[in-house]
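Have a look at the structure below, then the notes.
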Amino acid sequence: MEHGSIINDLAIVVVCAAVVTVLFKALRLPVLLGYLLSGLLVGPHFLPHSPIKNLAAIEQLRELGVAFLMFYIGLEFDLQKLQRTLGPALLAVILQTIVMIFVGILAAPLLGWSSINGLFLGCLLAISSTMVTIPILRAQDALKANFAQVAIGMLILEDILAILVLVILTAVGLTGKFQWQVAWKSIFFVGVFIVMVFFIGKLLAPRLLKLLRKFGNPEMITVVSVASILGVGQLAEYFHFSIALGAFLAGSILSQSDLAHEIEEAIEPLRNLFTAVFFVSIGMEIEPNLLAKYWISIVALTLIVIVGKTLTVWIGLFLTGEKPRTAFKASVCKAQIGEFSFVIAALGIQQHVTDPGIMAIAVGVALGTIMIVPPFSNNAATVFDFLAKRMPKGVKDSGEFYNSFLLALKEQLSRSAFVSLIKKPILKIIGYFLLFNGILLVAYLAINYTEGFSIIKDYEMWAQAGIWVIAAFACLPFLIAIIKNLEVIVLLVTESVFTLKGSRLLQRGNMRNIVNTGILCLAVVFLGGIYLSAASAFLPSGVALFAFIGLVIVFSMFFWRHIVRVNSRLEQLFIQSITSELRLTKEERREKMLKAIAQRHPWGIDLYDVEIKDDVLVCGKQIWEINLRGETGVTVVGISRDNFTVFDPGPEVPLFPGDHVILVGDKDQIQKARTLLSQKTEEKEVCPAGKFQIDTVYLPSESSIIGSTLADANIRQLYKINIIGIQRGVKKILSPGPDEILKGRDILVVVGNSRVIKTFKEQIETGKEQETITQ
C-alpha cells in the first residue's frame, strides 16, 4: 500500500461522489446506492489496479462523516424530547438487540463458525445506521414528526449501545468469554463521561457563544464548530469511547442556543461532503467474490434483519403505549445496519476471533437493507394499512384494549403526587452521583499522570495529596446534593407511610424526625459502604483513604451551608445556560431575528418591519390569501411571533395580531405593503361568522390524535386553523412547535375561522377527526 497520496485519493472519491450525485438525481435513483456502486468500481476488489492508493486514510476520513452527522443530531437535541421518547426507545432497542444477537448465535453453526463468531455477528446485526436513517427521514421531510423523533431517540441509544458493545467485544476477544463485570463497568464509565462533558460544556458554552456573537463571522463560526467536534471527539477517543459520541455531545452542548442555526449552516457543507466520502468508502470494502460465496446467507440475513427489526421495535414501542401506526413507521425506517456494524466486524478480524467472511456478510446485509428500506419506509403507512385490514378482529380488539388501558394507567400515574414528586430527586441523585464519580476519576487519572514526571519526583507524595484535597473540595457540593435529595426521598416515603391508617403514633413530630433521621443515616452508611467497596481501586489506599474520607466529613460539617449555596449556584448556572433563549425580551428577539435574516439574505437591501395590529383586515389570513407579492411586489422573509421566528415562511402561514412581518423591497413597494397590512376592518365586520377568532378545544383521552405531534395531526392543513397554545394541567405551552406531542385532556387554544373551529370541535368530541386525517 502506497502512502502520501491522500489528496489524490480524496480527489478520486469526491469526483466519483459528484458524478454519482448528478447522474442518480437525474435518473431519480437513491444517491446512496450510487455512492456504494462508485466505491465498488474504484475500490481494491474490482479493478486489477485500483486508483486508490491509501485505503486506510480514506477509512479514517469516513469517520468524519459519522462525526459531522452525530454533531448535527446533537445540535437538534432537546432533553425534554429525549425524556418523552426514552422509555419507548429503550425497551424497543433492548428487544431488538436481544433478538438480533440470538439470530447471530443461531446462524453461526450454519455458517460453520464458532459461538464467538455468532456473538459478533449478532451484535453487528443489532446496530442500525444513523447515516442511512437520517437521510431517509430528511427525504420524507419528516424529521419533526413524532415517529421520526422516536426513531432518533432509538438511534442515540444505539450509538451509546455500540460503544458499550465495542468495549465488551474487545474483552470477549481477549478472554474468549463474555464478562458481566466488564459490561457494567462500561455502562457506568460511559454514563460518567456523558454527564461530565455535558455538564461542564453547558457551563462553558455561554461564554463561548458570547464571544462568537461579539466577534463571530461565518469563518470563525465554522472553525470553532469543527474544533468542538474534533476536540470533544478526540476526548472521547482518549477514554476509549467513540468519536461519534464526542461529536454528539459537542452538538448537544451548543443546542438550543441562538447561534444553533448559524452553526448548522456552517457545518452542513462539510457534513454532506463527508457523508458522501463515508458511503463511497463503504463501497470500496465490497468484495464481489465473498459476496458470491455467502450470497444465500446475505439474502436470508437481510430479510431477517428487515422483518426482525421491524417486528421487535414495533412490539417494544407498542408495549410502551406508542400508537401502532407511529410505532410501525418508526421501526421501518431503521431496519438496516451500517457504520458501527463494519467497525464490529473489523474488530473481530483484527483480534483473530472471527472468520474474515464476517466483513463480507456485514457489507452484503448493509447493501441489501440500504436498497430495500428507503422505498419500504416511504410506503410504511400504506403497508401498515394493508396489514391492519387483514389483522384478525380479536387481535385488533386486544391491541386497542391494551393501548387504552396503558393510556389510562399513564394518566393515573401522571396525576399521582408521589410519583411526580419522587421522580425529580431520583434523577438528580443519578446525575450528581455520576458527576461526583467523574471528579474522582479525573483525580485518579491526574495521580497516574504525575507519576511520570521526574521533575516533581521528590514531591510526588505532596502533589498527590494536593490533588486529593482539591478533589475533596470539588466533590463536596455534589455529595451534599446527593444527601439532600436522598433526604427528600426518605421524607416522601415516610410521609406516605405515616398517613396510612394505624400509623398515628408515628405522626407525632419528634417521633417522625427520629425515624426520618435514622433511616437517612442508615441509608447513607449502607450505600456509602457499598460504594467505597466498589470504588476502592480508584481511591487512595490505607491511611490516605481514611484521611480523604475524614477531610470530606470535616468540610461537610463546618461548611455545609456554604457548600449548599455553591451547589445551588452551579445548578442555577446550568439551568440558565439551557434556558437563556427563553429570557430574551421582545425587543431583543426582534433584533436577533433581523440580524439572522440579514445573514441569510446578504444582498445589501434594507429590511422593513411591519407590526400586525389586532383590528386590521389581514388578521387570521394566510399569506397566499393576502397576495402580498402580487399586490405590492414585496417579499416576506420572516415572521417574528412571541419567542420564535419563522424564516422564509410558506404561503400557508397565517398572520396574527402582534406579529412582526419582515419585508424586502423598494420604498414604493414597502409603502404599498404597509397600507395593505394596516387596512382596518369595518366595525360591523369584527369577528362575524366566518371571520377570525380565538377559541379553546378540549382534547378527550379517547381522541385518535393523542400521541401524535402537531405536524402528524396535520390540523392546520386539514382545518385551516392554528394551535397557538396548549393548557396541560397547570402547565401552559405558548406557541407550541410542530414536534409537540398531543396528550389526553389537553386544552388547545386555536385561532381561525369560527365555522371551521366549530366543525373541528364537533369532530374531536365525536372521534371523527381520524376520518378527516386519513382522507
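The values are calculated or read from the model by the stated rules, or taken from the named source; none is laboratory data. Model, not experiment: these values are computed from the prediction. Don't worry about glycine lacking a Cβ; one is built from the backbone with ideal geometry, like all the others, and counts go over all protein chains shown. Side chains included, ligands, DNA and RNA excluded: accessible areas come from the protein's heavy atoms. Shrake-Rupley method; radii C 1.70, N 1.55, O 1.52, S 1.80 Å.
Once region 29-77 is narrowed to residues that are farther than 24 Å from M371 by Cα and under 20 Å from the mean Cα position of the chain (by Cα), the residue that is surrounded by the most Cβ atoms within 10 Å (Cβ to Cβ) is F71. Go through region 98-130 and give me each residue that's open to solvent by 20 Å² or more (accessible area, probe 1.4 Å) and of a type in the set (V, I, T). Passing the criteria: I98, V99, I101, V103, I105, I116. Checking each residue in region 364-410 for being open to solvent by less than 30 Å² (accessible area, probe 1.4 Å), of a type outside the set (A, V, I, L, M) and either farther than 30 Å from Y294 by Cβ or not in a helix (DSSP H, G or I) (or both) picks out only G399.
Taking the conditions exactly as written (surrounded by 13 or more Cβ atoms within 10 Å (Cβ to Cβ) and either under 29 Å from I136 (Cβ atoms) or at pLDDT 85 or above (or both)), does V19 satisfy them or not? So V19 fails the test. Can you tell which of G153, G201, G173 is open to solvent by less than 50 Å² (accessible area, probe 1.4 Å), at pLDDT below 75 and over 17 Å from F241 (Cα atoms)? The unique qualifying residue is G173.
Annotation note: of V99, V42, the sole residue that is under 30 Å from L161 (Cβ atoms) and either at pLDDT 80 or above or polar (S, T, N, Q) (or both) is V99. Looking only at region 1-11, residues that are open to solvent by 40 Å² or more (accessible area, probe 1.4 Å) and outside any loop (DSSP other than H, G, I, E, B) come to 5 in all. Residues in region 601-615 that are open to solvent by less than 70 Å² (accessible area, probe 1.4 Å) and either in a helix (DSSP H, G or I) or at pLDDT below 80 (or both): H601, L607, Y608, D609, D615. On inspection, G87 fails the criterion of being open to solvent by 30 Å² or more (accessible area, probe 1.4 Å) and on the phi > 0 side of the Ramachandran plot.
Return yes or no: is F199 under 20 Å from F478 (Cβ atoms), part of a helix (DSSP H, G or I) and touching a Leu at 6+ places or on another chain (Cβ under 8 Å)? Considered against the rule, which asks whether it is under 20 Å from F478 (Cβ atoms), part of a helix (DSSP H, G or I) and touching a Leu at 6+ places or on another chain (Cβ under 8 Å), F199 comes out as yes.
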